[in-house]
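Shown next, in structure tokens, is the structure this report addresses.
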Amino acid sequence: MISCRETSGILASGTDPGLWKRLQLRLHLMMCDACSAYKRQLGALRKGIRKLVETESAKISGAELENQIIIKIREHKRPL
């Protein structure tokens, strides 16, 4: 079975790890609440960033965009 460290690396990379690693990843996520929460948080971050980039990036400065990203992270933060 893969470790939490390896799981978080695969999840953060956003790439397809291949069939065998994908199966190991699913098994790990079924058993590990912390990694499952991390996966949800990454999904929320990616969704929020994508939405901000699509709708707001042309209208706001870099500092304001950074503040909005921080707000979105805090809104989606879930206790482990």
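Results, tabulated for the structure shown:
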| item | result |
| --- | --- |
| Cβ-Cβ under 8 Å pairs, at least 6 apart or on other chains, the range 1-27 side of a type in the set (Gly, Ala, Ser), far side surrounded by 12 or more Cβ atoms within 10 Å (Cβ to Cβ) | Ser8/Cys35; Ser8/Tyr38; Ala12/Leu42 |
| Residue in the range 35-55 that is within 21 Å of Ile73 (Cβ to Cβ), among the β-branched types (Val, Ile, Thr) and either loosely packed, with under 11 Cβ neighbours inside 10 Å or free of Cβ contacts under 8 Å to residues at least 12 places away in the same chain (or both) present | yes |
| Residue check, Leu45 in a helix (DSSP H, G or I), among the hydrophobic types (A, V, I, L, M, F, W, C) and more than 18 Å from the chain's Cα centre (by Cα) | no |
| When residues of the range 13-33 are limited to those that are surrounded by fewer than 11 Cβ atoms within 10 Å (Cβ to Cβ) and in a helix (DSSP H, G or I), the one nearest to the chain's Cα centre (by Cα) | Ser13 |
| Residue within the range 60-76 that is under 11 Å from the mean Cα position of the chain (by Cα), surrounded by 10 or more Cβ atoms within 10 Å (Cβ to Cβ) and β-branched (Val, Ile, Thr) present | yes |
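Every read-out reported here was derived from the displayed coordinates using simple, explicitly stated rules and does not represent laboratory data. Everything quoted here is computed from the prediction, not taken from an experiment. All Cβ positions, even for glycine, are placed from backbone atoms using ideal geometry, and neighbour counts span all protein chains on display.
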